[in-house]
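The values are calculated or read from the model by the stated rules, or taken from the named source; none is laboratory data. None of the values given here were measured: they were computed from a predicted structure. A quick note on method: Cβ atoms are made from the backbone with ideal geometry, for glycine too, and the neighbour counts reach across all protein chains shown. When the accessible area is computed, the model is the full protein with side chains, heavy atoms only, and any ligands, DNA or RNA have been set aside. Shrake-Rupley method; radii C 1.70, N 1.55, O 1.52, S 1.80 Å.
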Amino acid sequence: PVGADPDDWGDAEQNRPITTGDKLWADQDGRAEVRLGGSAMRIAPNTAFTFLNLTDAATQISVSEGELNVHVRRLGEDQSFEVDTPNLAFSLLRPGDYTIIVDENGDTTWVTVRNGNGEITGGGQAFNLSAGQIGTFTGTDSLEGDVDQASGPDEFESWAVQRNASFDRP
């Protein structure tokens, strides 16, 4: 389903224009894909997703629960791409592949950087993540973070990698 009005949900249609304020929900058996210029976002089942700001210079989205894969081919010097969760803000600093998972309570976020680079901020803390790293971030008022080497992709991420290869083909 998609819609800006919380009482006015409808099924998403292929090639539907997206704008600031639009919300997406992928149900338990669903997946969604959104392409914006040089980026593609893939939404796993049971994921809530909102466009907070969508301009030529800025993409700011929110994931309140679930799993999101972001593939960025191009990110100009004057462009920003940010993913907000209930407990942090994740700024993508370079083109790359990123997966963000938010637990249903909204107090834990996992961010995996397959390639690229990003910065996590929240609760007065800041953390950098580089290619091959996963960060686990807990808390809402005060953010605690733990950064490790990422393990292999889950089933959803593997699907996204296949879709990214298709997206990148000229």
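Restricting attention to the range 96-144 and to residues that are touching a Lys or Arg at 6+ places or on another chain (Cβ under 6 Å) and not charged (D, E, K, R), the residue that is nearest to ARG73 (Cα to Cα) turns out to be GLY116. Taking the criterion of being open to solvent by 50 Å² or more (accessible area, probe 1.4 Å) and at pLDDT 85 or above, the residues of the range 1-24 that qualify are THR20, LYS23.
Pairs are defined by a Cβ separation below 9 Å, a sequence spacing of at least 6 or placement on different chains, a first member in the range 98-119 that is in contact (Cβ under 8 Å) with a residue 60 or more places away in the chain, and a second member that is surrounded by fewer than 20 Cβ atoms within 10 Å (Cβ to Cβ) and part of a strand (DSSP E or B); the pairs so defined are THR99/TRP110; THR99/ILE134.
Considering the range 25-74, the residues that are among the acidic types (Asp, Glu) and at pLDDT below 90 include one that is surrounded by the most Cβ atoms within 10 Å (Cβ to Cβ), namely GLU33.
So, in the range 86-123, of the ones that are of a type in the set (S, T, N, Q) and closer than 23 Å to TRP159 by Cα, which residue ends up surrounded by the most Cβ atoms within 10 Å (Cβ to Cβ)?
Within the range 86-123, the subset of a type in the set (S, T, N, Q) is 87, 91, 99, 105, 108-109, 112, 115, 117, 121.
Next cut, closer than 23 Å to TRP159 by Cα only: 99, 109, 112, 115, 117.
Details: THR99: 23, THR109: 26, THR112: 20, ASN115: 13, ASN117: 17.
In this case the residue turns out to be THR109.
If only residues of the range 139-170 that are small (Gly, Ala, Ser) and in contact with a strand residue (DSSP E or B) (Cβ under 9 Å, 6 or more places away or on another chain) are counted, the one that is farthest from SER39 (Cα to Cα) is SER142.
When you scan the range 124-133, do you find a residue that is in contact with a helix residue (DSSP H, G or I) (Cβ under 8 Å, 6 or more places away or on another chain), open to solvent by less than 20 Å² (accessible area, probe 1.4 Å) and modelled with pLDDT of 95 or more, even just one? First the steps, then the outcome.
So in the range 124-133, the residues in contact with a helix residue (DSSP H, G or I) (Cβ under 8 Å, 6 or more places away or on another chain) come out as none.
No, the range 124-133 has no match at all.
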